[in-house]
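Heads up: the structure comes next, in structure tokens.
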Amino acid sequence: MRDDIPELTTRIYNGDTQAFKELYDYCCAPLLQVAMAIVRHREMAEEIVADVFIAVWRHKKDLLRVGNMKWYLYATTRNISLNYLRKYAHKKTRYLDEDCLPEYQISPEAQFISNEMMQHVNAAINALPPQCRLIFKLVKEDGLKYREVADLLNISIKTVENQVGIALKKLARIKAFLLASPPAIGDQ
């Protein structure tokens, strides 16, 4: 997780386009996932994320008043997504395309795990139901608090706790299975 977001915010405030690009590159995929979970349409979600960053640039002189930029970006993405839903509620949307979601990235601390195990873990995370996967990612990868996730997704804290618990149980089963599996014939 990147810890220089406040510095990027200050640089953006001063008109630094490189800092803006860095913030975009860092936050685009998670924000796209949030937007897709709400609107369930890739093109619309991409447009929403673009609108979020356009708003950030347009209001860059107000950024120093933002206490938590990451939370601000998630909340703005949620609000714009809900506005899009209201605006386009009469249009039919397709269901979430599992192939459109960015693949979950394992944190640097987990790089000791073998490539095969990482593939199994990623597969297990991607196999989670969409809301469970999104909540797990927001809490475990993006470091949001349960309350922040609950407010962001307009669900109860108990739902966040339950979904994280479900994800962790499924991942623990995969880990136990992988650790208990005998080595392949060529590995002996």
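The values are calculated or read from the model by the stated rules, or taken from the named source; none is laboratory data. Just so you know, these numbers come straight off a predicted model, no measurement behind them. We place every Cβ from the backbone using ideal geometry, glycine too, and count neighbours over all the protein chains shown.
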If I filter segment 67-81 for residues that are among the hydrophobic types (A, V, I, L, M, F, W, C), farther than 19 Å from ALA150 by Cα and touching a residue at least 24 places away in the same chain (Cβ under 8 Å), do I get at least one hit?
no
Within segment 160-176, take every residue that is closer than 25 Å to MET69 by Cα and either touching a residue at least 40 places away in the same chain (Cβ under 8 Å) or of a type in the set (Val, Ile, Thr) (or both) and give me the one that is surrounded by the fewest Cβ atoms within 10 Å (Cβ to Cβ).
VAL164
Condition check: assigned to a loop (DSSP other than H, G, I, E, B) and either modelled with pLDDT under 85 or loosely packed, with under 14 Cβ neighbours inside 10 Å (or both). Does GLN105 satisfy that?
yes
Would a scan of segment 32-43 turn up a residue that is free of Cβ contacts under 8 Å to residues at least 12 places away in the same chain and either over 20 Å from the mean Cα position of the chain (by Cα) or in a helix (DSSP H, G or I) (or both)?
yes
Can you confirm whether segment 128-150 contains a residue that is free of Cβ contacts under 8 Å to residues at least 12 places away in the same chain, surrounded by 14 or more Cβ atoms within 10 Å (Cβ to Cβ) and in a helix (DSSP H, G or I)?
yes
